[in-house]
Each structure stands twice: as C-alpha cells, then as structure tokens.
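For reference, the structure is listed below as structure tokens.
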Amino acid sequence: MRASLLLLVTLILAGCGSTPQPPEPQRLRAALEAESEGAKRYERGDYAFAARRFDTAVRLYAAIDDSRGAARSRLHLARSELALGRAEAALGVLATAAGSADAGLALDILLLKAQAQLALAHDAEARQNLAAAAGLCAGTCAQAASLHLLQARAALAARDAANALAHAETALKLLQGKDLAHETGNAWRLVAAARLATGDAAGALPAAQAALDIDRRLALPEKIAGDWLLIGDIRRKVGAGDTAAAYRRALAVADAAGLIQISMMATQALKDIGMEKKPAR
Amino acid sequence: MSLLTQYDADAAALRRGIRRFLIVAVLATLAVAAAIVVRQGVFRQTTSYSFITNSAQDIVKGQQVRIAGFRVGSVADVNLKDDGQVLVNLEIDADHMRFITHDARVELRKEGLVGSATLEILPGADKSRLAPAQARLAFSRADGLAALANQVRDEFIPILKDIKTITGALADPQQGLPGTLAQIRSSSEALNTLLANSNRQIEGIGGTAIRILGKTEQDLKYLGQTLETANQRLPAMIDRTQQVLDHVEKITAEAETSVPPALRDGSSVAADVREIVSGAKQAWPIRNFVDAPAPATLKADSDPRGEAARAR
C-alpha cells in the first residue's frame, strides 16, 4: 500500500516536473481560436456570428503579419457573407484577399468570386473567373466538383441546359464516395434543374427528390424550401395533380424559417396555378 | 568525579532553560488574554441606548453599530417584549456619544444592497442637544431588494390601470370614441339631408325655408352639443394619456441611466470571462492538455443558399 502510494506520488511529481511545452505566441493562438470558433458557428448555420469571428481572425492575423492566415480567414468571411446573401460584401472581402493571398488560395478565390457574381447575376464576369479557375484546375484538383457545379450554374443562367446537365453530372461523378454532402445535394439540384430545362421533367423529379433528401438530412431550410419550389415546378410541367402541395410545403418551410424571398416566390407560384395561399399540412 | 560534576552543571542549565521558556510562555498567554479582553471592550467605557422594532429580522447580538461607516459599538442584546415588540439594546463607546443627538435615528442597512446587515446611527438635524444615556432612539429599515421591487411594482400598477382605463374608454361602443364618432356622423348626415332639401325648396317656398332653417338650427345645436360632449371627454382622456406618457417617459429616463451600464457590464464581464478562460488555457500545466486549434477548413458548398433551384 505504502509502496504504491509512493509510486503514485513519484509519478505525479515526475509529471509536474517534466519540461513544460513551449507556449505558442498568445496572439497567434487567439487568431487560431477566433478562426476555429467561426468555423464551428458556420457549421451550425450561425453565419452572422461566424462572420464576426472570421473578421476578428483576419485582424488578429494581419496584426502578426500572418498573410496566409489572414487570407484564409478572408475566404471564410467571404463564404459567411455569401451564406448570408450578401454577395456584394463577399466580393469586397475577396478583392482584398486576392491582393494578399498566395498561389495556393488563388483557385478558391476565383471560385468564390464566381459564386458571388452568379448570385448577383453578373454572368459574364462569373464565366471569366470560372474560365480562369479551370486553367488553374487542369487535370483533377480538390475543387474540381465545385468548379463543375459553378460551371453548371453559369450554363443554366445562360440557358445552355445541355451544358449545365453535362457539368452537373460530371460533378456528381466526382463527388461519389466523398464526404461532401452539401455539394452532392447541390449537384442533384442542378441535375434536376437542367433536366427540367431540357424538357426531361420525368427525369428531373427523382433528382430533385434526391436533393431534398440530402438537404433534409443536413437540415438546411433555405435549400429545402428551394427544393420544394423546384419539385412544384417539375410537377407542374408533368401535369401532376399535387403541384400545389409542393408549393405549399415550400411556403410553409419559408414562412417558418423567415425566408421572405422564397415565401413570395411560393405565393406567386400558387397564384400562377390558381390556388390560394393556405398553410401546408 | 569530574564527569558527575559536569553532568550536574548540564542538568542545572537545562532546568534554567525550561524555567525561562515556561515563564515566557505564561507571559505570552497572559498578553494574548489581555489583548482579547481589551479587544472585547471589557475595560471600555460604554453607554447604552435602545430602540424598539416590530421584527428582529437581520438584527443579532454582537452586530456592529456604526456612525458614518465607523464602528462605534455593538448590539448588547435583543429581547422579545410581552407586547410582541422587540427591544434592542446598544452599547456605544462613550467617546462617540457626542455624535448621538436627541433626534438621532438608527437605520438597518445592507452593505451593497444584498450584503451583511449593519446598524447605522444617523445623527439628527438638531446638534445642540445630545441623547442622554439609556435614551430610546427611533428605528427604521433601509430599502432592500424586496422594497425596491415593491417600489417598481407600485410604479407600474397605476400605469397599467391607466392604460386599461383609457383603452376601455376609447373602445366603449356607447361612451367612447366609436359612439362619439357615430353621433357626429349621424348628425352630419341629417345636416346634409336637410341642406339638400333646403336647396331644393328654398327658391319657391319662403315659409318652408324658414321652417327648414329652424330645423337646421336645431340640428346644428344638436351637433354642437355632441361636439361639446366630445370636447369634454377628450381633454380628460388626453390628460390621462399625458400622465401615462409622463410615467413611461420617467421610467424610460431611469432605464436609460441604469440599463446601458448593466449591458456594458455584461459585455465587459463576457470579455473578462473570455480573457480568464484564454489565460487559463495559456497557464502551465493546463496548456499541456489544451492544444491550440488547427487552421479551420469549411466544408465545400458552392451554393449555400440553394439559389440554383430558384433560377425560374
């Protein structure tokens, strides 16, 4: 008993007496913590708070002349701004990031720029940036799937449905077996939209349903409401009788999540098919 | 032989040492006892005062009594009288008697609103006469949290009643605004009808016109009465509304001074907590167990708002 106690005390003293790890610089640690906290908030969908923490991280990195950390945090900040629907602000952040970032982040910056420009309907600039990104992503890069998805969106915006479908299906193949559920959902949504645009409404419906299943699993209200709108459009095209039900589901989700724009679109869609606005069951 | 002599000398020296040690120990003990006795005020000259209260809550024997924040005495004892009142006796240092005027008042206060209770003697305005020994002083309790809460409640209840009365009066279909407006509307309609009739008939029939004008005059009188009624009611309502607004404005002004500092305090507390946690993480050996986070990566999402589906 006494021997084991002595052994225990010796072990504790040895542990305490071990050489302490050299501390990381406090400011670097603070910057990393701000960036990490922002990332956690982003994953939880709290984009406004995430943007504030990334902004803090940018300033902390800039204060210690860590240009790579600052550029990385700027990209995170731009993504938060895009998720908040503030594409103009995202472009502003990306403009400062482009000047200071190293070559490793150039592709990400181009893709985010294109994403913001597509959101603002600046299709020509988006296509330019996507072409530049494709030049940097020769062969297969980690962002290849995202690049194809953005190219599909740009093609859809240019009413080139066949090209959009080709890019979306390529992205879907690239995403197979990868843990990128958000992008897989986006790919199915684009496949559905492209098929609908090519007149293949029957083929579009399962793709939209697949996108909805993924977005439900990820619990993303904005995407879920968008998927129901898309399903409503597809059902309308094929002449299915439950079109109004899909629009009402979109309306219910949008109203519950406070998504005014989608709510207005769903209301208009219901009016277009001669139905009154009623809450979905 | 010399060995035995040496032994006796050592033993004597040891005895002397022990004796000295015991004497010093006894003296030190006596000094400590004397200090305690002096500290307890056994040799201090004191004067007794008392006060009556209806509750001994927060008053205990030995409790400090202060004047202007300085300790001047203590509660000697607390007794329940036959009539259910509580008699509290105070022992005050004779040196401080000069502050206790005949109109002095004892107040039970709490340090920092929720801290420990102390008795504070508040000298009165008339400094020319001091309270005699054994005098009975007046007693009161300073406002605590409960009293403040009651005060706030007392402020709010009349306001809520006023609002209820006004909204009730305004909404009353007979006496309120709807009734008054309905009366005005019916009078206006009657007047319009009569004026239309008079316009049609006034050209040919003078007598009829006179009669109609008489009727118009009556209706105008009626309208005047109605407006007078409204005029009588509205100022009162406006006065009441003004009172309510004054109340609300007062409370808002008070909140303006009290709420922002509280919010600022909350914010600074949060910042402090963040700093403390951050400092703790930096401290050895905790930092051995808490690694600094790695640079963050966000999951790829080229369409975070699902906009592709909305390109309708």
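Any read-out appearing in this document is the output of simple, stated calculations on the displayed coordinates, not a laboratory observation. These numbers were taken from a predicted model, which means no experiment stands behind them. Glycine gets a Cβ as well: all are built from the backbone with ideal geometry, and neighbour counts include every protein chain shown.
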- [ ] Give the residues of the range A:94-147 that are in a helix (DSSP H, G or I) and of a type in the set (D, E, K, R), sorted by residue number.
- [x] A:108, A:113, A:123, A:125, A:127
Task: Tally of residues being facing another protein chain (nearest Cβ under 9 Å) and either outside any helix (DSSP H, G or I) or over 14 Å from residue A:186 (Cα atoms) (or both) across the range A:148-167 - done: 1
TODO: Identify, from the list A:261, A:209, the residue that is closer than 21 Å to residue A:169 by Cα and under 22 Å from the mean Cα position of the chain (by Cα).
DONE: A:209
Open item on the list: Every residue in the range A:76-93 that is more than 12 Å from chain B (Cβ to nearest Cβ) and crowded, with 24+ Cβ neighbours inside 10 Å, please.
Closed with: A:93
Open item on the list: Under 7 Å between Cβ atoms, which residue pairs at least 6 apart in sequence (or on different chains) link something in the range A:199-218 that is farther than 23 Å from residue B:305 by Cβ with a partner that is assigned to a helix (DSSP H, G or I)?
Closed with: A:201/A:234; A:201/A:237; A:201/A:238; A:202/A:238; A:203/A:195
TODO: Sort through A:73, A:67 and tell me the only one that's among the small types (Gly, Ala, Ser), more than 20 Å from residue A:142 (Cα to Cα) and in contact (Cβ under 8 Å) with a residue 12 or more places away in the chain.
DONE: A:67
Open item on the list: Restricting to the range A:33-72, and then to whatever is touching a Leu at 6+ places or on another chain (Cβ under 8 Å) and outside any helix (DSSP H, G or I), can you tell me which residue is nearest to residue A:89 (Cα to Cα)?
Closed with: A:45
- [ ] Answer yes if at least one residue in the range B:74-93 is touching a Pro at 6+ places or on another chain (Cβ under 9 Å) and of a type in the set (Val, Ile, Thr), and no otherwise.
- [x] no
- [ ] Given the conditions (1) buried (at least 23 other Cβ atoms within 10 Å of the Cβ); (2) in contact (Cβ under 8 Å) with a residue 24 or more places away in the chain, report the number of the one that residue A:127 does not fulfil.
- [x] (1)
Open item on the list: Being in a helix (DSSP H, G or I), surrounded by fewer than 17 Cβ atoms within 10 Å (Cβ to Cβ) and within 14 Å of chain B (Cβ to nearest Cβ) is the requirement here; does residue A:216 meet it?
Closed with: yes
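Regarding residue A:183, is this residue acidic (Asp, Glu), over 17 Å from residue A:252 (Cα atoms) and part of a helix (DSSP H, G or I)? Give the steps one after another, and end with the answer.
Details: acidic (Asp, Glu): yes; over 17 Å from residue A:252 (Cα atoms): yes; part of a helix (DSSP H, G or I): yes.
In short, yes.
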